[in-house]
Each structure stands twice: as C-alpha cells, then as structure tokens.
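To start, the structure under review is shown below, and the notes come after it.
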Amino acid sequence: MKFSAFAFLLTATTAAAFAPAKTFSRQSALSATVETPPKTTKAPVFDEVCDTTGVTLTRFMAEVAMLNPEISELTTLFGGIETACKAITNLVKRSQLPSSETLGLEGEVNIQGEDQKKLDVITNDLLKRALRFTGKLGVLASEEEDEPVDLVGGASSDAKEVIFEETEKYVVVFDPLDGSSNVDAGIPTGTIIGIYEHDENCVIEGGDDADAVAQCLANTLQAGTNLVASAYCLYSSSTFFVLTLGNGVYMFTLDEQIGEFVLAKPNLMIPESSSIISFNEANIERWDEPMKNTVNAWREGTGNSGQRYSSRYIGSMVGDVHRTLLYGGVFGYPADTKNKTGKLRLLYEGAPMSFIMEQAGGLSTTGTERVMEITPDHVHQRVPIVMGSKNDVQEVMDAYAAAN
C-alpha cells in the first residue's frame, strides 16, 4: 500500500481539526450571552495516510474510540449508520428504474398527517434494523413512527414502532429520508441522525407497562444541548456523510470505488457572513413581521451588510443546510399564520442539524430562542427554524428582540 509523502501536512491539519474548540459566546435574541464550553475529545494523529483510501470513516471512528474510551460504543453505532447510508444511497439511485417499484405513495399517512412515500417506509425500516442490531441502542424515535412500543421479542415488521432495547446506552432519533417529497423528481434527499445518552432508568419488563413506556419515551424528549453526536447523509451528485461529536464538523464523501466514506473536510466552518437566503419565499406574506422585514431588506440590499441577497432553495432541509454550510447564508422555515409553530420537527430535524450548524461556527434560532435549548414536549413537536452564518442569523435575532 502506497503512503503519502505529505502525511505530515495532513497530520497537522487533521490534528488541528480535532483540537478542542475555543470557548466562544453567542448572543440570543434578548442579547443574553450563551457560553459554549470547550469539548475534551482527544485528537487522533494520522501519521501515515494512504494515497488510495485517505482517512476513512471507519479509521476515523476507531482512532477517536481508542483515545476516548468513554465513547467507544459510538464506533459500533456509527458503523450501523454508515452501512444504512450506503444502502439508502443505492435505493435512491435505483428508485428511478421501472423495476425498482420504490417511487410513489405507500398508501398510508404518518403521525404528522403526511402521505408516506414508499421510500420513507423502506428507509425507516432499513435504519431501524441497522441500528437495532448494533447492540448499542437504548431507544429509537423516527419521523415515520407514531409512538414507542417494545420491540424485544420480535414484533411484526409491519407495525409502526419506535424501538426499545434495554441493552446499551444510546438514544437515536432520525428522519430516514428528509425531502422525500422530491425523490420522484430526482432532487437531493438526506438522512438526519441525532444521538443522545440513554437513561438507565428506562427498563421495560413487558409491552403493556404504560409507565415504563412513558419513561422510555422521555428518553427521547431531550434538549439538543444533551446531544452526544449528530450526523446527516446527503444523497446527491456524491453521497456525503457529515458528523459532529461536539468538537467541530467533519465531512466525508463516499468513494464508490472502494465503498468507503473518505474524510474530505476535516474542520468544516461556515463563513460568518454571506449573501444567500434559502427560504420558501412564497410564504413571506404570512411570516412574522420581524422575519418578513429582515428578508425583504436582504432582497433589496438594505440589510446590515448593504448587499442584495440571492435566493437558493431546494426544499430539502439536508440539501439546503449542506449548501449553506459550504457557502454561507441563511436557511430557514419560519412560523407563519398557517404553521404557527413552524414546519420542521425539533427532535429529529431541528436539534441535530442545529448541533452541526453551531459546531461549524454558525447559529440556529427560532427567532426568539436558541433551538438547541428547547426541550420537546412530544416526539413530533414542530418549531420555527432559522440557521446559518453567524452575522446573518444575528440580524434576524436582533429584529425579533427589537420587536419585543
């Protein structure tokens, strides 16, 4: 195996990316400073890097686990997530073939009242199985699930269920196929994953124990500040796997020649300012006045930067946030007169993506409060969300603060 002569340069870059982030503060809409404490995850040093494979996700997680034994079980869990993402990217690619029979509606409605696509159901089941059989899962909640039930003992695969396992220490929440309404048109879609620590008090002795079920459900109802890790997979021109363990953001790209995710950006940071907005502007007349006024100012070039902003909107949260991370700007789905509490789900969309955004140096807010600090009242709770470049999102927060 050939090793790179530039190993030292990559080692230095990678080590710097893993170094504990400096403490920095963020201003809330009410101008209260929120201190983000530095993380203590130790940095692996890649002293030799193969020219052919680079640093794979498998090697990355193995090195992190060796240096941080307390999170070593995440290696197995991410192994299951990685495998699921590879399987889903193949399903999405093949979905346009007449023989695939994966396009169109399933004929059922999920808990949010949305028609389920066939791929919603298939990818949801795929992720459940991949995560369950890692043996590291405590509780699992998904967009496509109605309510948690006991799965130990082999529940029917046709049932709508959130998995309870009493084996290990993690709670996983996910949106199996974000943007699935676009999949028939071949537009980018993605998977969003959030990982919390599991409360050891969650023990289910039988499927009919309502109190135990309620206790285990409470494991999923945690604020984003309790997240151990977040990740998303983007299925587009390439397949991207972006993750944070609470100390920076790392982007991997799937190399289909070797079947591995390879580290492409070891320390992804969003620009502090930009001139790109990503909203469904057809709803602008129904938004709150502070949000409406700020976006109109950006479009007219009368905002804080004095620049006229351009609009880029896919309609898939993963795709829009991914572009925003790379190029800067603001992504949002604000509250409006039709969706008074917003459209995006807090637990498995808002919080995990906000964790990634903040770790990349951006901000995420409802306009009046930090998304990461909201504790959900129920699994499918919706919230308004505006996230992106620090200076731009701060402008939105200031507008709401001034209105109050």
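Residues within the reach of a label modelled at Lys340 (point 7 angstrom out along Cα to beta-carbon, backbone nitrogen below 17 Å), restricted to the range 262-291, are 286-289. FRET efficiency for the pair Glu289 and Ser237, taken as 1/(1 + (r/R0)^6) with r the Cβ-Cβ distance and R0 = 30 Å, rounds to 0.20.
Placing pseudo-labels 7 Å out from each Cα toward the beta carbon at Leu97 and Leu326 gives an inter-label distance of 2.7 nm. Using the Cβ-Cβ distance between Met269 and Asp125 with R0 = 51 Å, the FRET efficiency computed as 1/(1 + (r/R0)^6) comes to roughly 0.90. Remark: the range 285-404 carries a charge dipole of roughly 360 debye about the Cα centre, counting +1 on each Lys and Arg Cβ and -1 on each Asp and Glu Cβ. Taking the accessible area of the range 220-289, probe 1.4 Å, and keeping the other protein chains in place, the carbon and sulfur fraction comes to 43%.
Exposure check, 1.4 Å probe, all protein chains in place: Ser180 carries approximately 20 Å² of accessible surface.
Of the GluC sites (Glu not before Pro) in the range 221-273, the ones in a loop by DSSP (not H, G, I, E or B) with at most 16 other beta carbons within 10 Å are Glu256, Glu272. Label separation (Asn296 vs Ala403): 1.2 nm, computed from points 7 Å beyond Cα along the C-beta direction.
The dipole here belongs to the range 224-317: it is taken about the Cα centre, uses +1 on the Cβ of Lys and Arg and -1 on the Cβ of Asp and Glu, and is about 180 debye. Accessible surface comparison of Lys343, Lys338, probe 1.4 Å, protein chains only, largest first: the order is Lys338, Lys343.
Rounded, prolate or oblate, given the Cα gyration tensor of the range 276-324, with a/c below 1.5 counting as rounded? Oblate. In terms of its alpha-carbon gyration tensor, the range 260-303 comes out prolate; a/c meets the 1.5 threshold, and the first ratio a/b outweighs b/c.
What you get for the range 361-404, charging only the Cβ of Lys and Arg (+1) and of Asp and Glu (-1), is a dipole of about 100 debye around the Cα centre. For the range 232-375, the relative contact order comes to 24 percent (Cα pairs under 8 Å, sequence separation of at least 6). Sorting His198, His378 by accessible area puts them as His378, His198; the probe is 1.4 Å, largest comes first, and only protein heavy atoms count.
The stretch between Ala87 and Glu369, if pulled fully straight at 0.36 nm per residue, gains 97.8 nm over its current Cα-Cα span.
Solvent exposure of the range 258-377, expressed per residue, is 38 Å² of accessible area, with all protein chains present and a 1.4 angstrom probe.
The values are calculated or read from the model by the stated rules, or taken from the named source; none is laboratory data. As the structure is a computational prediction, the values presented were derived from the model and not from experiment. Note: ideal-geometry Cβ built from the backbone for every residue, glycine included; neighbour counts use all protein chains shown. Keep in mind that these areas ignore ligands, DNA and RNA; they rest on the heavy atoms of the full protein, side chains included. Shrake-Rupley method; radii C 1.70, N 1.55, O 1.52, S 1.80 Å.
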